[in-house]
1. Step through the residues of region 191-202 one at a time and calculate ³J(HN,Hα) from phi using the Karplus curve (6.51 cos²θ - 1.76 cosθ + 1.60, θ = phi - 60°), rounding each to whole Hz and writing x for Gly and Pro.
2. Please compute the modelled spin-label separation between His134 and Ser10, points set 7 Å along Cα→Cβ, answer in nm with one decimal.
3. Return one number: the angle in degrees, 0 to 90 and rounded to the nearest 10, between the long axis of the Cα atoms of helix 213-231 and the longest principal axis of the Cα atoms of the chain.
4. Calculate, in nm to one decimal, what Gln35 and Glu3 gain on full extension: separation in residues at 0.36 nm each, minus their alpha carbon distance.
5. Where does each of Trp9, Trp238 land when they are ordered by accessible area, with a 1.4 Å probe and the largest first?
6. Normalise the Cα radius of gyration of region 108-253 by 2.2 N^0.38 Å (N = residues in it) and let me know the number.
7. For Cα pairs less than 8 Å apart in space and 6+ apart in sequence, what is the mean separation divided by the residue count of region 99-246, i.e. the relative contact order in percent?
8. Compute the helix-to-body angle for 110-120: its Cα long axis versus the longest principal axis of the chain, expressed 0 to 90° and rounded to tens.
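The values are calculated or read from the model by the stated rules, or taken from the named source; none is laboratory data. Only a predicted model underlies this, so the values are computations on that prediction, with no experimental measurement involved. All Cβ positions, even for glycine, are placed from backbone atoms using ideal geometry, and neighbour counts span all protein chains on display. Accessible surface is based on the protein model in full, side chains and every heavy atom, while ligands, DNA and RNA are left aside. Shrake-Rupley method; radii C 1.70, N 1.55, O 1.52, S 1.80 Å.
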Amino acid sequence: MAELSRQHWSAERYAQTAHFVPALGGPVVELLAPQAGERILDLGCGDGVLTEMIAASGAAVVAVDAAPDMVAAACARGLDARIVAGQHLRFDGEFDAVFSNAALHWMRPAEAVLAGVHRALKAGGRFVGEMGGHNNTAAIMVALRAVLARRGLDAQRLSPWWFPSTAAWGARLEAAGFTVDQIAIVPRPTPLPAGLEAWLDTFADDFFGALPQADRRPARAEVVDLLRPILMDERGTWIADYVRLRFRARRAD
Ligand code: BEZ
């Protein structure tokens, strides 16, 4: 059964606090190398910034995301965007490529997602993406664990994210019928222009939502206090310890 995050997605808040996510997605689009006339599925399209970039190549792009507000924002760009969770893809042999940026680590179980991607591709079609990789946001995870443990909660159990190693993700891809052409861990320290509090508000509902309403703000402040000496530089800029897993694979059969 799909494990769905309790994250509330607001396209407006995302555009204000997380615009760096698609802005840093250029290298993944380059790895995709979309061609005019191709049919491409953008899996976890968010507000459609990268979908638009792919469509500019002349490819016909279908975009899917589980979050209605994000899909509405993508549709407002004139894109063919649909509300579909990655675990419930029902396309059949119709895409030359499936693309995904900063979304796969939210989608579990991976087997259901990969089966849907495999089915969606034409024979030999490519699957190109980037997601959080092993050790992604490790300092943030440790701080969340510490602050929630003080309250008797297990952050690991509450986490909606999965950040695999290249070995683990490569094995999942192969088990799902893909040939892996390229796979790498890419450390990418990432400035958070709106700061860590805004980042936590945008992405960490699964953790703070488990607390009584009155304790959410104090808990968030504790996380921020713990991380300030680690993730804030001497000029006051928050820099998160992002680690990407970037890959290109092909449907093998
Ligand atoms: C990421 O893209 O790595 C990410 C984004 C939000 C929360 C956790 C990880």
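1. x, 10, x, 9, x, 6, 4, 5, 4, 5, 5, 7
2. 3.8 nm
3. 80 degrees
4. Values: separation 32, 0.36 × 32 = 11.52 nm, distance 3.41 nm.
Value of the extension gain: 8.1 nm.
5. Trp9, Trp238
6. Working: Rg = 17.9 Å, N = 146, 2.2 N^0.38 = 14.6 Å.
The value comes to 1.22.
7. Details: 183 pairs, mean separation 52.2, N = 148.
RCO, region 99-246: 35 percent.
8. Roughly 30 degrees, rounded to the nearest 10.
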